[in-house]
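This report concerns only the one structure given below.
Bear in mind these aren't lab numbers, they're just calculated from the coordinates by the rules spelled out. Fair warning: this is a prediction, and the values are worked out from it, not measured in the lab. All Cβ positions, even for glycine, are placed from backbone atoms using ideal geometry, and neighbour counts span all protein chains on display.
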Amino acid sequence: MDQITLETRKVSIEFPGVKALSDVDFQVSTGEIRALVGANGAGKSTLMKVLAGANPSYQGEVLLNGEVVELRDPSAAKKLGIQIVYQEVDTALIPTLSVAENVMLNDTVMNTRGRPVINWSKMRQEAREVLGRLNIKNINARTLVQDLSLAQKQMVLIARAIQSQCSFLILDEPTAPLSDTETVELFRIVRHLRDTENIGVIFISHRIHEIIQICHQYTVMRNGEIVGTRDVTAETTSKEIVEMMLGRTFEENFPKEQVKLGEEFFEVKDLAGGDGKVNGVSIHMKRGEIIGIAGLVGAGKSEFCKTLFGGYKQTGGEIILNGKRLKIKTPSDAVRERIALVPEERRKEGVLVNEDVSFNLSAASLGKFCVASFVNKAKTDANARKYVEQLGIKTPSIRQWVRNLSGGNQQKVAVGKWLAADCDVYIFDEPTKGVDVGAKQDIFRLIYDIAKAGNGVIYASCENSELLSITDRVYVMYDGRIMAELVTADTSEDEIMHYSVGGTTAYVKA
Amino acid sequence: MQTLEKNSTQKVLHFLLDWAAVIALVLCFVVFTALKGSFFMSPGNMVNILLAMSITTVFGIAATVTMAPDGFDMSACTLASCSAYVFVSMYLWYGLSLFMSIVMCIVVTLIMYQLTMFLILVCKIPDMLATCALMFVHQGLGQWYIGGGAVSTGMRVPHTGAAPARTALSEAFSNIGRSPYIIIIMLACVLAAFIFLNYTKHGRFLYAMGGNKQAAKLSGINVKKYRYLAGMITAVFIAIGGIMVAARGSSAQVGCCDNYLMQALAAVFVGRSVGGAEKPNALGTLVGAMLVSTLENGLTICAVPYYILPAVKGAVLALALMAAYAGKKEQ
C-alpha cells in the first residue's frame, strides 16, 4: 500500500483580535496513529478544522503527497480522503433515521443523481459491509440512531467516515464520554483501521495515558504553535507531555490540604432511584469532609448525584441532614434544604447561557436579593462582583452573557451560583470535564475553600487521580451500588479500579 | 486598526438589527406623514391607531407571558371568545353588575385554563399540540353555551328560552371599548407585564426557564409551579382581551376573538428582538402591535384597497422579522 503524506506549511488563522494558529508546520502519514495534545485553546481543533476544510480562511499551504491542495470547504477535504469525527457526535447524526441511513448518508446525498428511488436492501447490505470492515457486530443496521449508546453513535460516525474514500481520519476527543471498556473497543477499531486499511489517524485527547497506550508519536501545541513532535517510547511519561503542554514544570498532584473535620451531619441510607440506576447507596459525611464517588461511566454516579438533588425520582431509602429526614422530590426541595449540585453538563444544565453573569450568580438564591418579590438589582450586582473577584472569573463585565465565557469560567459561574446560596452539602459531578489544567487547579482550590467553611463536599468523577489528590474518603460505585469505602490516604488508583470493575473480593496489594 | 473598524461597523449593524422594529415604526410614520401629513398626524387619527392596536396588544401580552418560559398557546384567542360569551351573557342574561360580570368572566377563564395546564403539565403533551386540540374544544364548548348564536341585546337565553334580565347595555359597559378607557387598559396591561417580567424574581425565573429549562430546574426553580403561574397570568390577560372585544363590539359574536391570534403572535415575534432583548418582552410586544396597527391605518388612509391590505401587512411583518433574525446565525 502506498504511503500518503499530509502536510501543512506555515498555516495561520486569525480571528478578530486573536491569532488562533501561527505558522504551523504539521505532518502526518497514512498508517500511523498520531496524538495531538495541548491545553484548551491551544489550537488543536482549529488546526484539525483546517484539514477538514471547515476553516476556509487559512493562510499558508496544505500539501498532499507534496502537491498543494485547496481545503476551502468540507466536501473538498472529503474528496481528498480526509474525514473528521467531531466531539459532539449528536450534531453529525440524524437521530430519527436508521443506522444504515446514517452510515450511508454521504453516499445517498452525493451519489444518487438520476437514482431517485432508494434501494433499501442494497443500502442496508452496504452499511453492514462497512460495519463489518470495522469488525463491529453489535449494531443492527435497522436500529434508529436515537436508540444507540454514545459509544455506538461514535462507531456509526467512524463507519460513515470510512464508507467514502478515507486516507486520514481525525478523531476529536473521541474518548471523553466513553467508559473504559468502550475506550478499549474504540482503540481496537483504530488499530484495526490502521492495519487493514492503512489509514492515518489523528487523535486529539486530554487523557494523556491513552495517548501513551495507543499512539506512535505525539505532537504538542501551545498558543497556536507547534511545540514539538516526539515518538512515544517505553520511557514516555505523562509528566513530560503535560510539561510540554504547559511550557513549565507541573506539580502533578495538587497539594492536599488538611481540613479539620467536624461532626457527622449528613447521611444517606439505601438510596434508590435514578431511573433504576441507583440501587441502595449508603454514604455518610462529616463537616469539612470531601468524599469522592468513583466508578466507571455508567456506574450510576451522575444518577446518584441527581437523585440526591431531586433531579431523579427517589424510589427508596432516606436522606438525613443535621438529624432531620429530608423529603426531596424536586431540585427546588433540595435547594430549600441547602443542598447544591454542580451538574456534569454545564452548558446544558449548570448555567443559563443567555443570561448575564450577574443573574447567573444569583439564580439559586434570588429570594435573598428581593424586596417583596421585586429584585434589587444593586444587591444582585454587588453579589456578582463579590464572586467574580473571589473566584477569579474572567469576564469583561458582570453584564456579559455567560455563553461568551470560556468553559472554565462557565464552570466557575456554575459553582459561584451555589456559593451565593450558602448551602451545607455541595455535590460536584465531573467538575473538571473539558477544563484545562490551570482552571482545574482553581476549581480544586474552590472546593477546599468550601470544605474549610465547614460544609460537606461530594465529588463524583471518573478521574481516579483527581479523587486521590482531593478527597478524604472514596466510595467506589459499580452498577448502582457501593462496592467499597476507602480511605484516600491508604488507597491507590489500582485499588479503586479493582472495585470499579465490580471486584467483590478484597483487594490484595501487589 | 482594521479589526477595530470592522468591530464598529458590526456594532452599527447590530444596533440597527436590535432596533429594527422601532426603526420600521418610525419609517412608517415618516412615510405616511409625507404622503398624507395633515390627516395622518392628526390627534384623532393617532387615537384611532391606539384604539385599533389595543386588543391585539393585550392578546400579545398574554402570549408574551406564555412564551417567556418557552411555552406556547394556540388556543388563547378561542378561549378569549369563550370569555367574551361569558362576560356578555352574565351581564345581559343573568343581570349581574358590570363588575361582577368582569369577575365571573376572569374566574371562568381561569377555570377553563386549568384544562390547558392539565394537558401540558400533567399529561406532558407539548404546548403546541395540546393547545391545538383545545382550540377545537373551546370553540365547541363556547358555542354550546351560547346556543350557536351571538350574545347581544334583544336575544332570548338559549336552552331555557327565558327573557334576558337586561335589554340594553349601560354606558359604562360600552365605555370599556371606547377611547380613552380601552387605551388605558392596554397600557396598564403592558406596564403590569413589563414590571412582572423584568423586576420580580418570578419574572426572572420565567425567563430563566425560557433560556434553558434544565438548567433552571437544576438551579432549584420549581419549573412546574412557574409554568402554571405563567398560565394563570396568561388566562387573566385572555379574559381582559375577551372583555375588550365584547365591549368594543357591544356584543359577543360567534368566534369574535379567534382572528386576533396570528396578529398577537406576530406582535410578540416582531417585538422579541427590540433593544437586543432576544426574548418575548412586554415593551417589544407593544412596539410590534403598534407597527401592525400603524401600517393598517396608514395604508387605509392612502386608499390602498382593503382587500389587499393583508398582503402588504404581511410583507412588512416579514421584513421586520427578517431584520430581527438576520443576526442570529453569526453567533
What list of ³J(HN,Hα) couplings, whole Hz, do you get for segment B:161-170 from phi and the Karplus terms 6.51, -1.76, 1.60, once you set θ to phi - 60° and write x for glycine and proline?
x, 6, 6, x, 6, 10, 10, 9, 8, 7
In square nanometres, what is the average projected area of the Cα convex hull of segment A:351-422?
4.2 nm²
Cα centroid distance between segment A:368-444 and segment B:238-293, in Å?
38 Å
All Cα pairs of segment B:258-331, percent lying beyond 21 Å:
29 percent
Plugging the Kirkwood radius over Cα pairs into Stokes-Einstein for segment A:370-492, at a temperature of 25 °C and a viscosity of 0.890 mPa s, what D comes out in µm²/s?
151 µm²/s
Eigenvalues of the alpha-carbon gyration tensor of segment A:95-164, times 5 and square-rooted, give semi-axes in Å, largest first, of 19, 12, 11
When the helix-only estimate is applied to the protein assembly as shown (DSSP H runs of n ≥ 4, each -39,500 (n - 2.57), divided by the residue count), what is the mean residue ellipticity at 222 nm, nearest 500 deg cm²/dmol?
-15500 deg cm²/dmol
What is the Cα radius of gyration of the protein assembly as shown over 2.2 N^0.38 Å, N being its residue count?
1.12
Tell me the Kirkwood hydrodynamic radius of segment B:53-260 in angstroms, computed as one over the mean inverse distance between distinct C-alpha pairs.
17.5 Å
Before anything else, pin down the relative contact order of chain B: Cα pairs under 8 Å, at least 6 apart, normalised by residue count, whole percent.
33 percent
Geometric extent, Cα atoms of segment A:1-122 - Rg, Dmax (angstrom)
17.1, 53
On C-alpha positions alone, give me the angle between the axis of helix A:377-391 and the longest principal axis of chain A, in degrees, nearest 10.
70 degrees
Quick test of the membrane-span-like rule: which DSSP H helices of chain B reach at least 20 Å along their long axis (C-alpha atoms) with mean Kyte hydropathy at least 1.6?
B:20-40, B:98-117, B:181-199, B:309-326
Compute for segment A:227-348: radius of gyration divided by Kirkwood radius, i.e. Rg/Rh, restricted to C-alpha atoms, rounded to two decimals.
1.14
At most 13 other C-beta atoms within 10 Å and a DSSP loop state: those are the exposed trypsin sites (Lys or Arg not before Pro) I care about. Give me the longest piece of chain B that has none.
B:179-327
